[in-house]
Amino acid sequence: MSSVAAEELVNRSSKLLTVLSKRNNLSLFISAKSGLMAEASSPERTSLSKKVYYTSLKQLINSGLVEKSDGKYVHTTFGSVVYQTHIIGLMDQLRNQKQMIMIDTLKHSDQFSESDIDSFVNKIIGATNNLSEDARSKIEIVLTYEDMVSAIVERIEFSKNEILLASRYFNEIIINNILRKAKSGINVKVIAEKALVDQFFEQNNKHLQVNDKNAVERTNVVANPWYPGNISRRLADVPFSMTVFDTSEVAIELINANEPKSFHGAIFIRDEKTCRRMLEYYQKLWDSGLSGDNNGNNNNNNTKLITETSASRRYYNR
């Protein structure tokens, strides 16, 4: 590397470290890992004045660490690398600072050989690297339906900004917890399996044919378990259930090819890159689905996607 190129890298590094050396900037940068909502109330939630908040945000954006995407300020690819490699790494080393001081003391005591001290240091560094790797990509597998429900509910409780659900099942515990969370103001989208709605209608066909003033209300209650919650909802062919929490963790259903209609397990992955790929897939499902209002009524005239049962056709045409 030429001296000119090296000097340029030193200057850029200095500017970047200057930006991150400011406490407010660093705090916002760490918060952007899960996404900072681009809303007027965001400065208040961070306990910063509007002037300080937007000044810090501008500096992070100008440094290439943060960008605005889908109504949030999130890490750029460069920002994600800096966060994982340097910020997390620095915090891990700060936790071990006491041990590092002990190592310096050992070096000056002349009681231990260089190889003994190096071995001790490598053990500390190795433990730290393993911890960092776990923090970068945490994977959890559940193999029972009950454990899956418990794991989903736990993550719903700690979600702060957004929950995206695509489900082949209706579970009252999950539904009630998501409805309660939606009332707190976070963004919730649900893609429901069309076949489940068809099944509801076929099982309640006689009941739904009664034509009186309460017929529409009964239809909504029977066919839409999310009614009357304020949740964006669509119907689609869902190949496997999935849930994305705050663009930081995703739950994916494991399908048994021999029994595809039964639940066999789920995998939870805490990794931003995986989440972004699954978000792309979720959007494709969303775009292909039938849109519905909060009463469960269909607002999409795309007959190609409408299911074929007579009961569901009556529902969709309301």
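Does Lys33 fit the bill of being buried (at least 17 other Cβ atoms within 10 Å of the Cβ), modelled with pLDDT under 85 and either among the small types (Gly, Ala, Ser) or closer than 19 Å to Thr247 by Cα (or both)? Yes, satisfied. Across segment 228-281, the qualifying residues are those that are aromatic (Phe, Trp, Tyr) and either assigned to a strand (DSSP E or B) or open to solvent by less than 50 Å² (accessible area, probe 1.4 Å) (or both), and the one among them that is farthest from Lys181 (Cα to Cα) is Phe263. Look at Val238 and say whether it is modelled with pLDDT of 65 or more and touching a Lys or Arg at 6+ places or on another chain (Cβ under 6 Å). Yes; evaluated as a whole, the condition is true for this residue.
Residues of segment 241-258 that are under 17 Å from Tyr169 (Cα atoms) and either touching a residue at least 60 places away in the same chain (Cβ under 8 Å) or touching a His at 6+ places or on another chain (Cβ under 8 Å) (or both): Ser241, Met242, Thr243, Val244, Ala251, Glu253, Leu254, Ile255, Asn256.
The residues of segment 158-175 that are open to solvent by less than 90 Å² (accessible area, probe 1.4 Å), in contact (Cβ under 8 Å) with a residue 24 or more places away in the chain, more than 16 Å from Ile269 (Cα to Cα) and of a type outside the set (A, V, I, L, M, F, W, C), listed by number, are Asn161, Glu162, Ser167, Arg168, Tyr169. Only one of the numbered conditions (1) more than 16 Å from Val153 (Cβ to Cβ); (2) at pLDDT 60 or above is violated by His207, and that is (2). Only residues that are aromatic (Phe, Trp, Tyr) and open to solvent by 50 Å² or more (accessible area, probe 1.4 Å) were counted in segment 69-79, giving 1. Just the residues that are modelled with pLDDT under 80 and in a loop (DSSP other than H, G, I, E, B), please, taken from segment 64-97. Selection gives Asn96 alone. Whether any residue in segment 1-24 is at pLDDT below 85, surrounded by fewer than 12 Cβ atoms within 10 Å (Cβ to Cβ) and touching a helix residue (DSSP H, G or I) at 6+ places or on another chain (Cβ under 9 Å) is what I want to check. Scanning segment 1-24, I find at least one residue that is at pLDDT below 85, surrounded by fewer than 12 Cβ atoms within 10 Å (Cβ to Cβ) and touching a helix residue (DSSP H, G or I) at 6+ places or on another chain (Cβ under 9 Å), so the answer is yes. Tallying residues that are touching a Ser or Thr at 6+ places or on another chain (Cβ under 7 Å), open to solvent by less than 50 Å² (accessible area, probe 1.4 Å) and of a type outside the set (A, V, I, L, M) within segment 47-68 yields 2. Here Glu140 meets the list (1) modelled with pLDDT under 85; (2) open to solvent by 50 Å² or more (accessible area, probe 1.4 Å) almost entirely, failing just condition (1).
The values are calculated or read from the model by the stated rules, or taken from the named source; none is laboratory data. Since the structure is predicted, the reported quantities are computational estimates derived from the model, not experimental observations. FYI the Cβ positions are ideal-geometry reconstructions off the backbone, even for glycines, and counts take in every protein chain you see. Heavy atoms of the whole protein, side chains included, go into the accessibility calculation; ligands, DNA and RNA do not. Shrake-Rupley method; radii C 1.70, N 1.55, O 1.52, S 1.80 Å.
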